[in-house]
Amino acid sequence: MNNKRIRSIVRISLLLLMVLAVTYVLYQKFFTEKIRVQAGDKAPDFVLQDLKGNNVHLSDLKGKGVFLNFWGTWCKPCEKEMPYMERQYSHFKDPNVEILAVNIEESDIAIKSFVNRHGLTFPILKDRDGTVTEAYGITPIPTTFLIDKNGKILKVITGSMTERDIADYMELIKP
């Protein structure tokens, strides 16, 4: 009888420890604020593939201003601002401003159809597993990071932008 009682106490203790561990993990995942990349931070480096299968390293663009936009084909505000971005890209590409449009976890077919429909020529990158999206703490899309020539984030914009906004932001990051 004494052994049964000890085993019962050990089992209950282990069960309580497991419940506490699961509770802690769930609390951390759902109720604590994620650290988000902010203005003033160094932009986290990444490597993503473009639509042609080439690897694009953010760090390779040092010396250029980078307009880093996170988007999805299903996002109406994203779709509205893409033509604005395309027009401004043609004006600012030569003065060393680069647009990187990071698509979040969609298929090649969906991305290419969207790009062709809108005649986009700036680099479209694929974040297949959401790693870069998570590293930057993206919650709503579109979200855009303005990165200066030294890799420092100057501003974070959430939500859609007008064409005037985009032109002003590109002027801000122009080296």
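Would a scan of region 66-85 turn up a residue that is farther than 23 Å from ASP168 by Cβ and not aromatic (Phe, Trp, Tyr)? Yes, some residue in region 66-85 is farther than 23 Å from ASP168 by Cβ and not aromatic (Phe, Trp, Tyr). Taking region 133-148 as the range and being at negative phi and out of contact with any strand residue (DSSP E or B) (no Cβ under 6 Å at 6 or more places or on another chain) as the test, the residues that pass are GLU134, ALA135, TYR136, THR139.
Mind listing whichever residues of region 83-136 are of a type in the set (Val, Ile, Thr) and under 18 Å from the mean Cα position of the chain (by Cα)? Walk me through how you get there before you give the answer.
At the first step, the residues of region 83-136 found to be of a type in the set (Val, Ile, Thr) are 97, 99, 102, 104, 109, 111, 115, 121, 124, 131-133.
ILE99, VAL102, ILE104, ILE111, ILE124, THR131, VAL132, THR133, listed by residue number.
Where a number appears in this text, it was derived from the coordinates with a stated rule and is not lab data. Keep in mind that what you see is a predicted model, and the values were worked out from it rather than measured. Here Cβ is always computed from backbone atoms with ideal geometry, including for glycine, and neighbour counts include all displayed protein chains.
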